[in-house]
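Some notes on the structure that comes next.
The values are calculated or read from the model by the stated rules, or taken from the named source; none is laboratory data. Keep in mind that what you see is a predicted model, and the values were worked out from it rather than measured. Counting neighbours? That spans all protein chains shown, and the Cβs are built from the backbone with ideal geometry, glycine included.
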Amino acid sequence: MTTYQSRREMLTSAGMGFGALPLAAMLADSSRADVNPNAAKVHHRQTKAKSVIFLFMEGGPSHIDLFDPKPLLKKLSGQSMPESFERPVTAMGEVNSPLLQDQRKWAQHGDSGLWISDWLPRTATCADDLAVIRSCWSNGINHAGGVCSMNTGSPIAGRPSLGAWVNYGLGSENENLPAFVVMQDTNSQVVNGARNWGTGFMPAIYQGTRFNTTGNPISNLSRPKNEDAAVQQRKLKVLDYLNRRHAAARPQQTELEARIAGYELAFRMQTSAPEAVDLSQETAETQTLYGMDEKVTATFGRQCLLARRLVERGVRFVQLYHGAGSKWDSHSAIEKNHTSLCKQTDQCVAGLLKDLKQRGLLDSTLVVWGGEFGRTPMSEKGDGRDHNPTGFTMWMAGGGVKGGRTIGTTDELGLHAVEDRLHVHDLHSTILWLMGLNHREVVYYDKGRPERIDQNEGHPYSGIVA
Amino acid sequence: MLRFFVNTFALIVTSGSLVCAQDSASPTQLEFFETRVRPLLHSRCVKCHGEYEQKGDLRLDSLESLLHGGESGPAVVTGQPTESLLLEAVRYESFEMPPDKRLSEQEITDLETWIRNGVAWPKLNGKSVRLQGAAFTKEERSFWSLQPLTHPDLPPSAGRWGQNEIDGFVAAKLKAAGIEPAPTADDDVLMRRLYFDLLGVPPSPEDISEFQSEKSDGRWSRFVDRLLADSRYGEHWARQWLDVVRYAESDGFRADFYRPEAWRYRDYVVNAFNDDKPYDRFIIEQLAGDEVAPEKAEALVATGFLRTYLYEYNQRDARTQWQDILNQVTDITGEVFLGLGIGCARCHDHKFDPILQEDYYRLQACFGTMLPRDDIPAADAAEHQRYRQQYETWLSKGVEHREELQRIKEPYLKKAAKAATQKFPEDIQVIMAKPPADRTPLELQLADLVNRQILYDESKGKTSDADVKRIAELEKQIMEVAGKEPAKLPAAITVADLGAMPQLLHLGADSDRRAVAAGGVSIINASPFQLQPSKNSTGQRTALAKWIASPKNPLTARVIVNRIWQYHFGSGLVETASDFGSLGGRPSHPELLDWLASEFIAHDWSIKWLHRRILNSSTWQMSAFHPGAVVAQEIDPENRLRWRFDIRRLSAEQIRDAMLTSSGELRSEQGGPSVEFASQRRSLYLKAIRNAPEPLLRSLDGVDGLNSISKRSTTTTPTQALNLMNGDWVRKRAAAMAKRILDEAGASDPTGIVDAAFRTALGRGAEVHEVPVAMQLFENAFRGQDMSAVAAQWFSPLCELTGNAVSIDSDHQAPLATTDGQLVVTAPFTFVGLMKLNSLYADATVRTIISQWDSNNKNGGWSIGVTSEKSAHQPRNFILQVVGDAGYEVVASDLRPELGKPYLVAVTVEQADSGKGKARFFLQPLDTKDGKLKTADVEFKSAAGVTSKVPVMLGGRHKQSRHKWDGKLDQVALFSKSLNFDTIESLFADQLKTVVIAQHAPVAAWDFDNKENPVADSSSHGHDLNIQATLPVSPLEKAVTELCHVLFNSNEFVYID
């Protein structure tokens, strides 16, 4: 028997163990890893980070206007980029358009003196918690490829997402909630849609579940309006009777038990999921901290607060899309675009960091902020910037990350990452590493290939903790 | 894109600790090797001692070669730095290596440490990473799947069990293991298994009883033949093939554009299965249909296989994009036909299988001159010829108009082309500036990618109003002289070669590296293909296809036979159907696999032959239940020896199709463009959109068309349970099935109903113990809510003054419709009625009173209603919506009825002398004596063309689940004229008594007071409302629905024995 087989065997048997247990036992201890179908598949070392909150600013926020000041840009503004800078392939072809200086006021913040622009005054108050990685780079020059890369490591669809790999490697700590939850600020489709939190060649069980942020968190979660509770109970009773007799006669097919348990879990979720998203349990003070009292920040504030509630309840990976449908994309009028989007998020993100911290959750929660790429120093359409995957900024906080510093650099115009370059594969490896997983050991076999998140190209940047 | 050149050696195997037992190397030692030693060897040594050069006959790119050494003996001796030649050399003690520059002291120390600590080198599965290069080892050459096919002798009879050769092979192995085969399964189980297996849908209860009642010899093989001749067979088996080729109908990138013609390939596959197209031909057509039979539409469509790749419509990095396309095509070809995951070899020789990087590019070179084409008609040559003649005749008329048209359009096209081209990098712009004749094949391929974007931009370009007008005039004039343009032939999504000259591809797609010519996998066939070019084509793909589809190729027949076996049994003889390499599984019955594969070839690569063999075997007909299971399970826990049949879950499509079959709704038409999920056609025909897979199917492990799937996974998630239990679609199927059961079984006998439901859903009657359990759902059903009492809820007065009104509840009650197309209401017209509205939508959806419109802003029609919370016209605005010749308009009265109150309402719609439309609204509260009549006159752009043939709907819109009324409606009448103010006032003054129907001759009226038929047209024009959809569901029907719903959710429904 090959390892492929035994590995798959292991996966199935994880499902069986769960199914075989009676409901009462599961209720008694909902966090027992050994009864969970989403139990950890890979041995992992003990680390601080237990959960990830990934704040995805979709469309590509401008690093050179937010975290990576470039005095030279001011000096050369209006000129074409000097010949000494290598020309990348750009999405819109304005590679020789005049350089566009930023309009920002820059200041150093916190004890650490981290540079953050005046677009993010609240985030700036958390400067000492942020490890700002200025030297990120990626492959996709367009949104589809960029978002796909940031989520899966490849610009082309078909590979599992980061959340799916984490879910595969670590499993969930709360079986009554999905291990991987995704939320969006609006109902606009995130570029590429649901495959951003899909599983590629892995089984669907590891995929992210989209939560609605108001009303019913999961579609089809609650019973239809025209079916009353007593009827549903009766139906489940009949179903259970039929399924148990059917399964008892077929002990060889353990999936049958797992499926019975799946129904039980589904109906426990009918209580646990609405509870998890019930913000009436939060004080007004907390809600204000996240900006929920202001119209402009209410939406994303709500999402950030939900994210905290979910990680509190053991959800492993929460991904929040802000600007769903490439709203951060600013090919023209970047001033207007970023002023508005920064305003929508700044208070909420800072609120999240502060709240996690005051509750002692920041150590066990890795917060990641960034988009699929940054933006070019060259102008586009006069007052905008094109996509820049060759050098951009992301930051991480919490989860053991040492804050209050920058990692890596871009060139003098912020076009290419130059020092301590961290490719998306490196970022993914680093995130797994912070979660206690060796990215090389999180292997899934597909068509004869031992597949890893980084396509064997990534290296964790362990310096992020020291 | 990929960074493999930076760290080629750190690629696949860096740590094998998860999957193998390392000999002795610790993770730390391996880490040391990977970070300190491997990069050193790679950067400083292997240039001269590696794949391409072996100076001194020495290679330093694998542990074996280091230990083996070269002309001067072993390079390293494990644990003995002082004995190791390598160290001597780098210390410049004997040889002086590397000759250009000495290693640093640190580097030398690292090598020393590594040797002293035991030369840790990663292994996987106890198998060390294979040597680079084409020096295949004996072991590799004797790998099972690469051996020539054999035709093994049948094993000596192992007893009386068995019906054909398959059973002989299976019995021999079982005997050796000391296990008896399971008995044959029961008739009803076999029928159900056979139907799902061959057709993908369950048998009807009649099919089962027909089989059970037939006792003659050969009934089984007759049924098998009958099902193989059923065209539903092709629909089911095509789906499995489509999984493997990762068929989808959209681009799979941001825009994820739909590919409206993609279905032709799907139909090609369905027909290929139904026609039992020989598999070798099937391969050749998909890889090279355009070369081998360019005159046949079918063959052109078959190459749609090469066009299933993902495509990004605005990717400016054309070079990378083209390389990605080639990679996708190469990978999928290897996986589908050869069962080899060759993707590894794209960047380096395969680490575990004897597949060289060169092989990858030999295969890729076969596609090196291919150009994607969307302009070749999916038509046979004769038809194409006929069309061309018609088209040229048409083109020859109105020449001067055409020339002018061309002159007007040209600048726009040029501008769009220029703008689109400028977005590409400079080197691509240089290519575009060349005349096409001067471009190399690669440049033509890149230019094609650019041209696709130009075409797209052209289609989005804006034309000045004056030119739009002139173009329309010219087109009209051309039409007058030349007649209508002959209808275009449908286009195939296909490919064609760029010419007869092959284009060499560079290893690693890097132009600095060696170029290779088209060829196969060199361990099977080392020499490049002999090509037979034609005028327009290199013949490279034909050569590849023929190499694959050759009886001599050791993989092809084994791979397909194993796939077919897997679909019949749930798992293959080789469990990894798309991996016949060293990390894949080994065949459980190698002789059987070879026997089947060689016989399959001998039977003209007939897949139906293979089905017959398998289905007529006792092995396939075994029961899932085995009397000695406990013992057998200990010997062979995974049933690899086939001692019983494996219980399997149905696929997502089978489950959906089975629900539609049980509900009696499944539509039988086959082929053609794909349809939306709500359709009641087979799941095969649902639109396959990569970025938006249908949630219900996805939750049942349906595929998304992104990866080649050789075997679906079976997962159990809460999402799946929630979709099946609470999802609307499944519930509707249950409701339809309940209706069907009640129609067929009658309503009087509860036991009979339960039995019929089981029979319909599960293919068996209810057992005695199941009946009372199921009957728990019927608790209320027979205990008598009176139907007339229920009906009374739906027809009751709107207020004290009126007779019965109809209740329309936005959640449960469908709108009421007239029969299609019989009543056409067009301006001028008048609507009058009584209404009471209970609630608004939370968004901008309209509460519709009456309409003749499908909510499509492009289709003519009208609708009268009240706006909701988020309306741009503010909530509770009494409005008219029209689509006339001036397009879509909202005509708002700004009269605002309150919720929960009864009103008289009326609207007249007419065309004013100005040609503009004019609407007059009337609103009068009914509940107060002094309720004041309010009116509003509103003009709008156009009343002409406000016409539609969809049914007139009360309380909703045609084919819309939204925009529904919530409340009551009564005394509704439509007049085919604009009633004047006085008349309407008089109608109103008359306090509704029969709404003066007699005097003003409405074209239709409904007062809901007719006891026999409350929805009859009281104007006697016969426009009765459709009551079928609106009658409340009886408690019994509801109960039966619940039972059907439970059955759809049951394990027995989704698993077959």
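Structure above, values below:
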read-out	value
Pick from region A:237-282, criterion within 9 Å of another protein chain (Cβ to nearest Cβ) and not in a helix (DSSP H, G or I), ranking: nearest to A:Arg359 (Cα to Cα)	A:Gln253
Qualifying residues in region A:91-123 (those that are among the basic types (Lys, Arg) and either surrounded by 21 or more Cβ atoms within 10 Å (Cβ to Cβ) or touching a helix residue (DSSP H, G or I) at 6+ places or on another chain (Cβ under 8 Å) (or both)) - the one nearest to B:Lys418 (Cα to Cα)	A:Arg104
Condition check for B:Ala238: away from every other protein chain (no Cβ under 14 Å), more than 19 Å from B:Ala545 (Cβ to Cβ) and in a helix (DSSP H, G or I)	yes
Leading residue by the ranking (nearest to the other protein chains (Cβ to nearest Cβ)) among those in region B:632-662 that are assigned to a helix (DSSP H, G or I) and free of Cβ contacts under 8 Å to residues at least 40 places away in the same chain	B:Gln633
Helices (runs of 4 or more DSSP H) fully within region B:367-475 counting 1 or more residues that are farther than 29 Å from A:Arg87 by Cβ and touching a residue at least 40 places away in the same chain (Cβ under 8 Å)	B:381-395, B:399-422
Total residues in region A:140-181, condition within 22 Å of B:Val703 (Cβ to Cβ), more than 10 Å from every other protein chain (Cβ to nearest Cβ) and of a type in the set (S, T, N, Q)	4
Entirely in region A:283-359, the helices (runs of 4 or more DSSP H) that have 3 or more residues that are among the acidic types (Asp, Glu)	A:334-358
Residue count for region B:476-516, restricted to those that are under 21 Å from B:Gln323 (Cα atoms) and part of a helix (DSSP H, G or I)	3
Top-ranked residue of region B:307-355 - restricted to ones that are facing chain A (nearest Cβ under 10 Å) and of a type in the set (Lys, Arg), ranked as surrounded by the fewest Cβ atoms within 10 Å (Cβ to Cβ)	B:Arg319
Matching option when the condition is crowded, with 16+ Cβ neighbours inside 10 Å, free of Cβ contacts under 8 Å to residues at least 40 places away in the same chain, under 22 Å from the mean Cα position of the chain (by Cα) and more than 7 Å from chain B (Cβ to nearest Cβ), among A:Thr199, A:Thr297	A:Thr199
Test: residue in region A:182-191 that is over 17 Å from the mean Cα position of the chain (by Cα), within 8 Å of chain B (Cβ to nearest Cβ) and either surrounded by 24 or more Cβ atoms within 10 Å (Cβ to Cβ) or among the polar types (S, T, N, Q) (or both)	no
Search result, residues across region B:508-523 that are buried (at least 17 other Cβ atoms within 10 Å of the Cβ) and modelled with pLDDT of 80 or more	B:Val516, B:Ala517, B:Ala518, B:Gly519, B:Gly520, B:Val521, B:Ser522, B:Ile523
Test set (1) at pLDDT below 85; (2) buried (at least 24 other Cβ atoms within 10 Å of the Cβ) - A:Ala157 fails condition number	(1)
Filter result for B:Pro202 (over 30 Å from B:Thr542 (Cβ atoms) and not in a helix (DSSP H, G or I))	yes
Region A:195-221, residues that are at pLDDT 85 or above, assigned to a loop (DSSP other than H, G, I, E, B) and touching a helix residue (DSSP H, G or I) at 6+ places or on another chain (Cβ under 9 Å)	A:Gly198, A:Thr199, A:Gly200, A:Met202, A:Gln207, A:Gly208, A:Phe211, A:Asn220, A:Leu221
Verdict on B:Ala496 being surrounded by fewer than 22 Cβ atoms within 10 Å (Cβ to Cβ), more than 14 Å from chain A (Cβ to nearest Cβ) and modelled with pLDDT of 90 or more	yes
In region A:428-466, residue surrounded by the most Cβ atoms within 10 Å (Cβ to Cβ) [restricted to those that are aliphatic (A, V, I, L, M) and under 21 Å from B:Phe352 (Cβ atoms)]	A:Ile453
So B:Pro377, is it touching a His at 6+ places or on another chain (Cβ under 9 Å) and surrounded by fewer than 20 Cβ atoms within 10 Å (Cβ to Cβ)	yes
Residues of region B:685-699 classified as within 10 Å of another protein chain (Cβ to nearest Cβ), part of a loop (DSSP other than H, G, I, E, B) and without any contact (Cβ under 8 Å) to a residue 60 or more places away in the chain, total	1
Residue in region B:951-974 that is without any contact (Cβ under 8 Å) to a residue 24 or more places away in the chain and either of a type in the set (D, E, K, R) or farther than 18 Å from B:Ile850 by Cα (or both) present	no
Subset tally (residues that are under 40 Å from the mean Cα position of the chain (by Cα) and at positive phi) for region B:866-885	0
Check on B:Val244, touching a Ser or Thr at 6+ places or on another chain (Cβ under 6 Å) and either under 20 Å from B:Thr308 (Cα atoms) or within 14 Å of chain A (Cβ to nearest Cβ) (or both)	yes
Matching residues in region A:389-406 - criterion: being crowded, with 23+ Cβ neighbours inside 10 Å and over 17 Å from the mean Cα position of the chain (by Cα)	A:Pro389, A:Thr390, A:Gly391, A:Phe392
Any pair with Cβ under 7 angstrom, 6 or more apart, that starts in region B:831-857 at a residue that is in the same structural domain as B:Ser948 (by TED's automatic domain parsing) and under 21 Å from B:Gly887 (Cβ atoms) and ends at one that is buried (at least 23 other Cβ atoms within 10 Å of the Cβ) and among the charged types (D, E, K, R)	B:Thr848/B:Arg957; B:Thr848/B:Lys964; B:Ser851/B:Arg957; B:Trp853/B:Arg957; B:Asp854/B:Arg957; B:Ser855/B:Arg957
Of residues in region A:362-388 being under 14 Å from the mean Cα position of the chain (by Cα) and of a type in the set (Gly, Ala, Ser), the one surrounded by the most Cβ atoms within 10 Å (Cβ to Cβ)	A:Gly371
Total residues in region B:706-735, condition in contact (Cβ under 8 Å) with a residue 60 or more places away in the chain, under 29 Å from B:Leu310 (Cα atoms) and either part of a helix (DSSP H, G or I) or more than 9 Å from chain A (Cβ to nearest Cβ) (or both)	2
Any hit, region B:657-668, residues being in contact with a strand residue (DSSP E or B) (Cβ under 9 Å, 6 or more places away or on another chain) and within 27 Å of B:Ile741 (Cβ to Cβ)	no
Test: residue in region B:920-941 that is within 47 Å of the chain's Cα centre (by Cα), closer than 15 Å to B:Ala827 by Cβ and surrounded by fewer than 24 Cβ atoms within 10 Å (Cβ to Cβ)	yes
